[in-house]
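Below you'll find the structure, written out as structure tokens, and then a few comments.
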């Protein structure tokens, strides 16, 4: 399972999971990917089980990239422990995921096979994700650009009408 070799601070605060992913939202290595649609934490065990499910389905064909790394320590106190006496020990490592983040990428197999493998991996994760390909990514970018242009034109008309 994935975990950092060494860290600057042994324990960290929970933090907030607001907003969308600032980076890691486009396919970089492969043709197909699994994109998160909600925020959450993925532990190293969950990442590993999803990876195993994908590789077993494609029978070790193609190539798989894991685009997230569990670098946040999650602490837990033992059961039936009284309040106080400090924070618990580090139990597991997790990756903080925001909407839009690519979790896995694949290449070297057909789209049907890739989407089925990504669907199986999605069932192992605690948050909802959607499979995507390079083609769907291009379509989404074009649609977003069209919306941006339409908003700019509408704002220009409103400014012209106000004068």
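The values are calculated or read from the model by the stated rules, or taken from the named source; none is laboratory data. Small disclaimer: the values here were computed from a predicted structure and weren't measured. Positions of Cβ are backbone-derived with ideal geometry, glycine not excepted, and every protein chain shown enters the neighbour counts.
Within the stretch 93-132, the residues that satisfy the criterion of being under 11 Å from the mean Cα position of the chain (by Cα), in a strand (DSSP E or B) and more than 18 Å from residue 52 (Cβ to Cβ) are 96, 97, 102, 130.
Residue-by-condition table, conditions (1) modelled with pLDDT of 95 or more; (2) surrounded by 12 or more Cβ atoms within 10 Å (Cβ to Cβ); (3) closer than 20 Å to residue 132 by Cβ; (4) within 12 Å of the chain's Cα centre (by Cα):
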| residue | (1), (2), (3), (4) |
| --- | --- |
| 2 | no, yes, no, no |
| 16 | no, no, no, no |
| 23 | no, no, yes, yes |
| 45 | yes, yes, no, no |
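Across the stretch 72-92, the number of residues qualifying as touching a residue at least 40 places away in the same chain (Cβ under 8 Å) and closer than 20 Å to residue 46 by Cβ comes to 5. Among residues of the stretch 113-124 that are without any contact (Cβ under 8 Å) to a residue 60 or more places away in the chain, those with a beta-carbon under 9 Å from a residue that is surrounded by fewer than 16 Cβ atoms within 10 Å (Cβ to Cβ) at least six positions away or on a different chain give the pairs 113/61. Please go through the stretch 50-75 and give me each residue that is within 15 Å of the chain's Cα centre (by Cα), within 17 Å of residue 123 (Cβ to Cβ) and not in a strand (DSSP E or B), ordered by number. Hits for the stretch 50-75 are 50, 51.
Being without any contact (Cβ under 8 Å) to a residue 60 or more places away in the chain and within 17 Å of residue 24 (Cβ to Cβ): is that true of residue 95 here? Yes: the conditions hold for residue 95.
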